[in-house]
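Peer 1: Questions regarding the structure given below will be posed in turn.
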Amino acid sequence: MMQYKQVLSQQSSVFLNLVRLTAAELVVLGHYITKYQPAAPYDDLFRLGSTMGGAAVLLFFTLSGLLISLSLFSKLDQPNSNYGFRSYFIDRFSRIYSGLIPALILSAVIAALIYATNYSYYAELTTMQTAPSALTFTMTALMLDRFPVEFFNSLLSGWGLTFPLPQITPFGFNGILWTLVVDWWIYMFFGWITIGALAFVGKRQKTTLFKIGFFVVALLLSLVLAGLFLEYSGLVIAWFLGTLITLALSSEKLRTKLQKSSIKQMLTLLLPICLVATAFAVYTTFAWTSQFYDPTLSLTLSLCVFLTVLLLNIGSLKPVAKLLQSKLSQKVVANGAGFSYTLFLTHYPIIIFLNGLDLEVNRFVMLLLIMLLTNIFAYSIALFTEKKHRQLAVSIKKKLHLPPYPQSSNDNMWQKPQ
């Protein structure tokens, strides 16, 4: 039996929350640069903001893969566990929609304000993004706004068919919501395959009908993931690299080898090399490729996260570990990470709205105001939504007569949104 609950030390957990918080703030900063009185698309400042935001989203996806897999494996690893896909779906639904619903409401309010007060700006936005409507709201809520329609059309074209979904951008000019589509369908694929596969390795007894249904759904989810991979390969790779990190951290062989001082020294030397490689990948993205979700960048970022967690787990990086262990650091990081998902989902329409006001305010002052405003707003919303996602999951399971499956601290760490 794997001891998944022991995979992360206290310092490692604080570190991952710190990465999560930092990534959320970087996304806000990146969108301030690219969406508030933006420079030209090929301007250095615009590319800087895009690179910054892209790296932050990749970090979110790595954390998501790490923590979702750790949470799922921990539940499946419990003695006599009967944790099933329904419970997994409810956990993921509660986590995702506790942030998404407030974000959709905020997007609707802000879109209505822009329409009522600055119609010319509203019309300009609709030339770049799909106009808000009941259709775009529904599709965004159902994780269909960036569905791989073209991929399915290519598969169906031989039969003279087209996939019955329009291509739209997220509801209410909230551009960041597209990332949830990728994350959500990875969740569904990973959970379905991992939990369903137990019936084929002698862990659970299932009927032949279930096994047939499993393969049908697995095929459909695989096609969805393949379509998303063609467009968002860096994000999909980052997510599954996070899963590999969980598997590596839970390896008894690796834990045994890490006790050797030579291995510890090698890892300590490898971390700065990885950081330099990541900096070079970021520079390459900024200066040459403009591939803001580049697979190479996702690999180097994931490796940096992996090495840091490894070193913190074995007691290395003592100055960093000491800082992360302080009560002040833990409190600040936990509070910040606790609303980072809501911040991620709600900051974008606020920036879009303020951009349309054409305020004559110093850009640096406006940056401080936007960072402050978006954080305060997200914190206030999260108190009643994101921070209540566990209670929501328990309530839904109770109504469906499912076991509550007590959640570990890993369930409260996203990425991406978790």
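Peer 1: Quick check for me: using +1 on Lys/Arg Cβ and -1 on Asp/Glu Cβ, what's the dipole size of the chain about its Cα centre, in debye to the nearest 20? List each step's numbers first, then the result.
Peer 2: Details: 30 positive and 16 negative charges, 424 e Å.
For the chain, the charge dipole is close to 2040 debye.
Peer 1: Please say if segment 1-64 is rounded, prolate or oblate, where rounded means a/c under 1.5 for a ≥ b ≥ c the square roots of the C-alpha gyration tensor eigenvalues, and otherwise the choice is prolate for a/b larger than b/c and oblate otherwise?
Peer 2: Details: a/c = 4.93, a/b = 3.29, b/c = 1.50.
Prolate, since a/c reaches 1.5 and a/b exceeds b/c.
Peer 1: A further question follows. If I histogram all Cα-Cα distances within segment 3-135 using bins 10 Å wide from 0, what percent of pairs lands in each bin?
Peer 2: Answer for segment 3-135: a P(r) of 10, 25, 31, 20, 11, 3, 0 percent.
Peer 1: To the nearest 0.05, how large is the calculated FRET efficiency for Ser120 and Thr289 if R₀ is 41 Å and r is the Cβ-Cβ distance? Walk me through the numbers before you get to the answer.
Peer 2: Working: r = 35 Å, r/R0 = 0.86.
Calculated value: 0.70.
Peer 1: Based on other C-beta atoms within 10 Å, arrange Glu252, Glu25 from fewest to most.
Peer 2: On the way: Glu252 9, Glu25 18.
With the fewest neighbours first, Glu252, Glu25 line up as Glu252, Glu25.
Peer 1: Where a ≥ b ≥ c are the square roots of the eigenvalues of the C-alpha gyration tensor, would you call segment 50-89 rounded, which needs a/c under 1.5, or, failing that, prolate if a/b is larger than b/c, or oblate? Could you put the intermediate results ahead of the total?
Peer 2: Numbers: a/c = 8.75, a/b = 3.14, b/c = 2.79.
Note, shape of segment 50-89 comes out prolate.
Peer 1: Turning to a different aspect of this structure: Helix hunt in the chain: which complete DSSP H runs extend at least 24 Å axially by C-alpha with mean Kyte-Doolittle at least -0.5? Show your work: numbers first, answer last.
Peer 2: Details: long enough: 10-35 (37 Å, 0.63); 44-76 (48 Å, 1.35); 85-117 (46 Å, 1.12); 178-196 (27 Å, 1.19); 208-249 (35 Å, 2.05); 261-284 (35 Å, 1.46); 295-313 (27 Å, 1.86); 363-382 (28 Å, 1.95).
Answer set is 10-35, 44-76, 85-117, 178-196, 208-249, 261-284, 295-313, 363-382.
Peer 1: A follow-up question, please. With viscosity set to 1.567 mPa s at 4 °C, what whole-number translational diffusion coefficient in µm²/s follows for the chain from Stokes-Einstein and a Kirkwood radius over Cα pairs?
Peer 2: Working: Rh = 22.6 Å.
It comes out at roughly 57 µm²/s.
Peer 1: Counting Lys and Arg as +1 and Asp and Glu as -1, what is the net charge of the other residues whose Cβ lies under 12 Å from the Cβ of Pro170? Write down the numbers at each step before the final one.
Peer 2: Details: positive: Arg146; negative: Asp145.
With Lys, Arg at +1 and Asp, Glu at -1, the neighbours total 0.
Peer 1: Which shape class applies to segment 246-405: rounded if a/c is under 1.5, otherwise prolate when a/b exceeds b/c and oblate if not, where a ≥ b ≥ c are the square roots of the Cα gyration tensor eigenvalues?
Peer 2: On the way: a/c = 2.00, a/b = 1.24, b/c = 1.61.
Since a/c reaches 1.5 but b/c is at least a/b, the shape of segment 246-405 is classed as oblate.
Peer 1: Still on this structure, please answer the following. Which order results if Val181, Val217 are arranged by neighbouring Cβ count within 10 Å, fewest first? All intermediate terms of the calculation are to be shown ahead of the outcome.
Peer 2: Values: Val181 22, Val217 16.
Ascending Cβ contact count within 10 Å gives the list Val217, Val181.
Peer 1: Also, I was wondering about something else. Please tell me which of these pairs span more than 27 angstrom C-alpha to C-alpha: Lys206/Lys397; Lys211/Lys388; Lys75/Lys388? Don't jump to the answer; show the numbers that get you there.
Peer 2: Values: Lys206/Lys397 22 Å; Lys211/Lys388 35 Å; Lys75/Lys388 20 Å.
Those over the limit are Lys211/Lys388.
Peer 1: Using R₀ = 30 Å, calculate the FRET efficiency as 1/(1 + (r/R₀)^6) where r is the Cβ-Cβ separation of Ala141 and Lys331; round to 0.05.
Peer 2: 0.30
Peer 1: Assuming 0.36 nm per residue, please report the length gained on full extension of the stretch Lys206 to Gln10 beyond their Cα-Cα distance.
Peer 2: Working: separation 196, 0.36 × 196 = 70.56 nm, distance 3.84 nm.
Going from the current span to full extension adds 66.7 nm.
Taken together, the values in this text are just the output of simple stated rules run on the coordinates, not laboratory data. These numbers come from a predicted model, not from an experiment. Glycine also receives a Cβ, built like all others from the backbone with ideal geometry; neighbour counts cover every protein chain displayed.
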